[in-house]
Amino acid sequence: MAQPSRIIFLTGWICGLVLFVVGQALFTGYPYIEAAWADLAWTLAAAVTAAGCWQASRSSLLAGDSRAWAVVALACLVWLAGQLVWDWIELVDRQLAPFPSVADYLYLLFAPIFAFGIALYRPLRGPAGVTVLQICNLLILLCGMLVAVPLVLHDTLSGIERFDTATFISIAYPVASLAAMLFGFFCYGVFRWGLKRRPLLLLILGLACHAVVSVLYSASLLGNGFSSGDSISVLWLVGFGCMSWGAYEYRLVRETIAVAGNRKAGRRIYVFDRLLPVAVIAVLVALTFFSYQTLARGVVPWLLPPTAMLVVVLAFREWWSFRAELVLHRSSEQSATALAASEQEAQEARRAAEEASRAKSRFLAHMSHELRTPLNAVIGFSEILTQQMFGPLGERYQEYSASILESGRHLLAVINDILDLSKVEAGHYELDEGLVDVGDIADQVCGLLREQGAAARLSMKVQAGADLPLLWADERLIRQILLNLVGNAIKFTPAGGRIVIRVEVAETGGMLLAVQDDGIGMSEADLERALIPFGQAASVQARRAQGTGLGLPLARQFVALHGGELTVQSQPDRGTVVTVLLPAFRLRQPNVDIART
């Protein structure tokens with residue numbers, strides 16, 4: 001419904017403008033009727049615009065915008081009051097309005113009140129405070145305007161013999177209107193408006209129309225008088241039409257204005273700041289070029305002060321910009337230096353960590369080898385004692401020798417795990433690859449650990465798919481992976497539990513090995529610790545189980561050596577599923593010759 005209503009609104013204003021122009025043409029030659037037609041049209045336009053701005057103020061959901069539109073409505077009412085005074089003098093009393101009259105003072109107040117309303121029109125987002133560069137840009141606009149006015153009105157200004165109130169009011173007309181217009185464009189270019197951009201732009205365009213007419217009106221006041229039937233007077237109606245349109249657009253989007261944004265605003269602000277001085281200088285150069293042949297000496301006093309001020313502001317702006325860029329450059333250099341130092345420190349720390357890791361791996365490998373020799377002797381002698389090869393032993397000595405043998409074998413398994421881990425972390429582990437029947441290895445592991453599972457009153461089962469392909473892998477590591485995973489499942493599954501070993505071809509084409517139990521499970525925090533070498537779950541039940549914390553990390557490293565992936569899914573008191581996925585390129589059919597692989 002919004003779009004058709006906008007069309008009706010614009011059609012009404014366009015018809016009014018056409019009617020005004022037609023009336024101007026029809027009443028040419030009838031001075032009183034022509035003046036009355038123009039005065040009544042301006043009065044009606046000002047009243048309609050004031051009413052529209054007041055409605056925008058009443059419908060606004062933002063307090064700042066409500067005040068802004070109220071002030072704009074006040075500016076239109078002030079202009080309307082001046083027009084009513086003018087109508088009374090010209091149409092009722094049928095006298096020539098004196099200059100300056102009360103109407104002229106009211107006309108003059110319109111621009112500053114309107115600019116104050118624009119200042120209250122709050123942007124959606126903008127700088128936390130007005131910067132020095134923005135103040136310089138505003139001063140450049142004002143100084144440029146003060147230079148441009150004498151260049152445009154140089155013929156009129158050079159003929160002024162004395163400076164009285166009438167002359168001041170005549171010059172103040174264009175200065176006030178142009179200053180308000182430039183302030184509006186400054187606010188439009190600096191801040192971010194979102195959906196509020198279109199209403200503001202329409203207000204500024206309306207003010208620009210008034211500024212153009214004010215310049216021409218000032219020239220006529222300082223010259224040969226003002227004719228209300230001048231064709232350029234239609235710009236006053238166009239200006240009020242733009243302002244009324246802006247108020248109407250604000251009412252259409254008032255519900256979404258509070259949350260709307262403008263993605264291009266940041267870029268527009270940057271371009272505005274950079275191009276503003278260039279644009280002002282270009283306009284002044286163009287005005288000077290077109291009027292230098294007719295410039296009179298009498299206009300020089302009007303040009304020198306604003307020109308000198310413009311030069312000072314431009315010089316200060318460039319100095320400030322250079323200073324800001326220098327500070328920014330130094331800050332960036334310091335940041336770059338600090339970043340380089342941080343990177344150097346990070347590299348040194350990484351090298352130190354890598355060297356420490358290599359030293360640790362070398363130490364573990366060396367110590368493991370040093371411990372293996374005496375440990376093998378301990379295991380061998382304890383086996384001799386257990387088997388009573390040199391004669392019978394007492395029952396207590398048999399228990400002691402069996403305990404020594406069990407502890408020695410456990411310690412040897414730990415040392416082997418440490419040695420394997422150190423080799424993998426140091427990158428020195430080489431795979432002894434060949435064709436491996438994973439289903440057969442799963443059966444072997446289940447057989448090796450079945451007695452241990454039976455002692456813990458657990459049921460164990462292997463589920464291997466039919467016609468499984470062979471796997472090109474290190475047989476010892478594949479067996480060790482399953483031994484570690486099944487051994488962990490036995491440790492952390494209470495009596496009466498169930499352990500299932502699954503071997504199958506995955507949907508992705510690789511080999512899938514899974515060990516599932518219904519044991520104590522792990523939380524996410526415990527799972528992170530369990531995947532770290534020598535890390536163990538923090539739960540009480542997990543700590544009761546014996547272990548070094550190397551089974552799961554070692555299995556993960558061995559899987560990674562084969563290019564596979566080990567994942568763990570676990571929930572406390574719900575059990576754990578450890579899945580090993582080996583890549584498809586390692587699968588071989590049973591009848592494939594090794595030489596051809």
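The values are calculated or read from the model by the stated rules, or taken from the named source; none is laboratory data. Bear in mind that the values here come from a model prediction, so they are computed numbers and not experimental data. Note that each Cβ is placed from the backbone with ideal geometry, even for glycine, and that neighbours are counted across all protein chains shown. Surface areas here come from the heavy atoms of the whole protein model, side chains and all, with no ligands, DNA or RNA. Shrake-Rupley method; radii C 1.70, N 1.55, O 1.52, S 1.80 Å.
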Has segment 35-49 got at least one residue that is under 18 Å from residue 115 (Cα atoms) and not charged (D, E, K, R)? yes
When residue 64 is run through (1) modelled with pLDDT of 85 or more; (2) touching a Leu at 6+ places or on another chain (Cβ under 8 Å), the failure sits at (1)
What is the residue count in segment 30-54 for residues that are within 12 Å of residue 72 (Cα to Cα) and surrounded by fewer than 17 Cβ atoms within 10 Å (Cβ to Cβ)? 1
Being in contact (Cβ under 8 Å) with a residue 60 or more places away in the chain and within 30 Å of residue 362 (Cβ to Cβ) is the requirement here; does residue 470 meet it? no
Considering segment 18-29, residues that are within 23 Å of residue 92 (Cβ to Cβ) and of a type in the set (Gly, Ala, Ser), and then whichever is most open to solvent (accessible area, probe 1.4 Å), we arrive at 29
Test: residue in segment 67-75 that is under 19 Å from residue 110 (Cα atoms), within 47 Å of the chain's Cα centre (by Cα) and open to solvent by 50 Å² or more (accessible area, probe 1.4 Å): yes
Can you name the condition, by its number, that residue 88 falls short on among (1) surrounded by 17 or more Cβ atoms within 10 Å (Cβ to Cβ); (2) more than 18 Å from residue 243 (Cα to Cα)? (1)
State which residue is nearest to residue 112 (Cα to Cα) when the search covers only segment 74-96 and only residues that are in contact (Cβ under 8 Å) with a residue 24 or more places away in the chain and of a type in the set (A, V, I, L, M). 75
Given the conditions (1) surrounded by 14 or more Cβ atoms within 10 Å (Cβ to Cβ); (2) within 30 Å of residue 424 (Cβ to Cβ); (3) modelled with pLDDT of 80 or more, and given that residue 358 satisfies all but one, which numbered condition is not satisfied? (3)
Regarding segment 402-417, can at least one residue be identified that is surrounded by 13 or more Cβ atoms within 10 Å (Cβ to Cβ) and closer than 30 Å to residue 584 by Cα? yes
Return yes when residue 477 is open to solvent by less than 30 Å² (accessible area, probe 1.4 Å), in contact (Cβ under 8 Å) with a residue 60 or more places away in the chain and of a type in the set (A, V, I, L, M) and no when it is not. yes
Top-ranked residue in segment 489-519 [being surrounded by fewer than 22 Cβ atoms within 10 Å (Cβ to Cβ) and polar (S, T, N, Q); ranked as farthest from the chain's Cα centre (by Cα)]: 516
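Each row is one residue, and each column tells you yes or no for (1) open to solvent by 10 Å² or more (accessible area, probe 1.4 Å); (2) in a helix (DSSP H, G or I); (3) at pLDDT below 80; (4) closer than 26 Å to residue 5 by Cβ.
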position: 189; (1), (2), (3), (4): no, yes, yes, no
position: 203; (1), (2), (3), (4): no, yes, no, yes
position: 236; (1), (2), (3), (4): yes, yes, no, yes
position: 243; (1), (2), (3), (4): no, yes, no, yes
position: 261; (1), (2), (3), (4): yes, no, yes, yes
Unmet requirement for residue 253, which otherwise passes all of (1) at pLDDT 65 or above; (2) among the β-branched types (Val, Ile, Thr); (3) more than 24 Å from residue 5 (Cβ to Cβ); (4) surrounded by fewer than 19 Cβ atoms within 10 Å (Cβ to Cβ): (3)
Looking at residue 93, is it open to solvent by less than 30 Å² (accessible area, probe 1.4 Å) and modelled with pLDDT under 85? no
Looking at residue 54 and the list (1) within 29 Å of residue 172 (Cα to Cα); (2) free of Cβ contacts under 8 Å to residues at least 40 places away in the same chain; (3) more than 39 Å from the chain's Cα centre (by Cα), which single condition is not satisfied? (3)
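This table checks each residue for (1) of a type in the set (Asp, Glu); (2) farther than 25 Å from residue 13 by Cα; (3) modelled with pLDDT of 90 or more; (4) in a loop (DSSP other than H, G, I, E, B).
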residue	(1), (2), (3), (4)
34	yes, no, no, no
55	no, no, no, no
74	no, no, yes, no
88	no, yes, no, no
99	no, yes, no, yes
108	no, yes, no, no
113	no, no, yes, no
116	no, yes, no, no
